[in-house]
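Asks: Before anything else, here's the structure in question.
The values are calculated or read from the model by the stated rules, or taken from the named source; none is laboratory data. A quick note: this is a predicted structure, and the numbers were derived from the prediction, not measured. Please note: Cβ atoms are built from the backbone with ideal geometry, for glycine as well, and neighbour counts cover all protein chains shown.
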Amino acid sequence: MLKGRLGLETARIPHKDRNGLIWLSRGALTVEDGTLRFVRPGAAEANDALPNGDFAIPFQMVSMVLLGPGSTVSHDALRLCARHGTAIVAVGDDGVRAYTAPPLIPDQSGLARRQARVWADADGTRLDVARRMYAWRLGEILPASDIASLRGIEGARVKQMYKLQADRFKIKWSGRRYDRANPLAADLPNQALNHAASAVEAAAAIAVSATGTIPQLGFIHEDSGQSFVLDIADLFRDEFTVPVAFGAAAHVDKQPEENIERTTRKRAGLEMRKVQLIDKMIDRIKQLFDDPKPGSGSVSGSASAPPPV
């Protein structure tokens, strides 16, 4: 009876032939004549990348719809996207929050299977992957042969990096301190670091969901249900998270009437869009689990050879 009403009889397009993500905000996502439709009324806000208007969304040609604040979605839109394997994820402005991240259930399981395979080898390829991730961040292969030693070396480097960035932005820095029971007790740069880290973790959650990899199977982080998300977020701590945080702290220090959380999130969102951070994260995930060379029996690009940085 409903054949054709929502286009449910048509075949799904494989995700490898789709064009990635589409960002929508401040509008209504509905279905009309079997077509996904997004309507944005009123006047556009400053720095808004999407103009107002009435858009037909090529839902079969994207893997994920990122639906920002001020938006609504109809039941028919959810049904249509679910039928064609297109995920709908609720996010904050520019992806600085990920409120929902349902499994994408991609039509290929290759990345997840390679992730699980190398993760299961705790004393071999799992450590190689961790060393590779540290090498991407720090620009060199670390000599340590166990994860605890790697974490110790990285911790010392991070302390030095915080100091250098504080000097760059000319803000007072007394060390990384965070009280989970009272986060507002932290000084301005520490609060900014917390907010910037949350924004980058949301971007990483989107990237992990989009690639169909397994968030629980981390290589550096272990206990969290989002361990792999935290691993990916940390890849961008030095080049993205800390500069954004310290820049926001320096700004609010000069203009104390402004809110540090809002300022940090706005700066993070604008910079994420500018540098296409989520696209970079997706590329890194794919590089991390590249197919090994035939007969090699190891992860391509493991720590046995310097990875690109």
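Asks: Output the number of the condition that P143 fails; it satisfies all remaining conditions of (1) modelled with pLDDT under 85; (2) under 23 Å from the mean Cα position of the chain (by Cα).
Replies: For P143, the exception is condition (2).
Asks: Any residue in region 19-31 that is out of contact with any Pro (no Cβ under 7 Å at 6 or more places or on another chain), in a helix (DSSP H, G or I) and modelled with pLDDT under 85?
Replies: No, that holds for no residue.
The rows are residues; the columns are (1) under 28 Å from R114 (Cα atoms); (2) at pLDDT 95 or above; (3) in the same structural domain as L184 (by TED's automatic domain parsing).
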site: A250; (1), (2), (3): no, yes, yes
site: I260; (1), (2), (3): no, yes, yes
site: T264; (1), (2), (3): no, yes, yes
site: A268; (1), (2), (3): no, yes, yes
site: R273; (1), (2), (3): no, no, yes
site: L277; (1), (2), (3): yes, yes, yes
site: M281; (1), (2), (3): yes, yes, yes
site: R284; (1), (2), (3): yes, yes, yes
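Asks: Filter region 68-89 down to the residues that are closer than 20 Å to P41 by Cβ and under 18 Å from the mean Cα position of the chain (by Cα) and list them by number.
Replies: Start the filter on region 68-89 by keeping residues that are closer than 20 Å to P41 by Cβ, which leaves 68-74, 76-77.
Listed by number, the residues that qualify are G68, P69.
Asks: Okay, next question. Checking V158 against (1) in contact with a Pro (Cβ under 9 Å, 6 or more places away or on another chain); (2) among the β-branched types (V, I, T); (3) under 26 Å from E239 (Cβ atoms), only one condition comes out false. Which one?
Replies: Unmet condition: (1).
Asks: Among what's in region 54-86 and is without any contact (Cβ under 8 Å) to a residue 40 or more places away in the chain and farther than 16 Å from R12 by Cα, pick the residue that is surrounded by the fewest Cβ atoms within 10 Å (Cβ to Cβ).
Replies: H75
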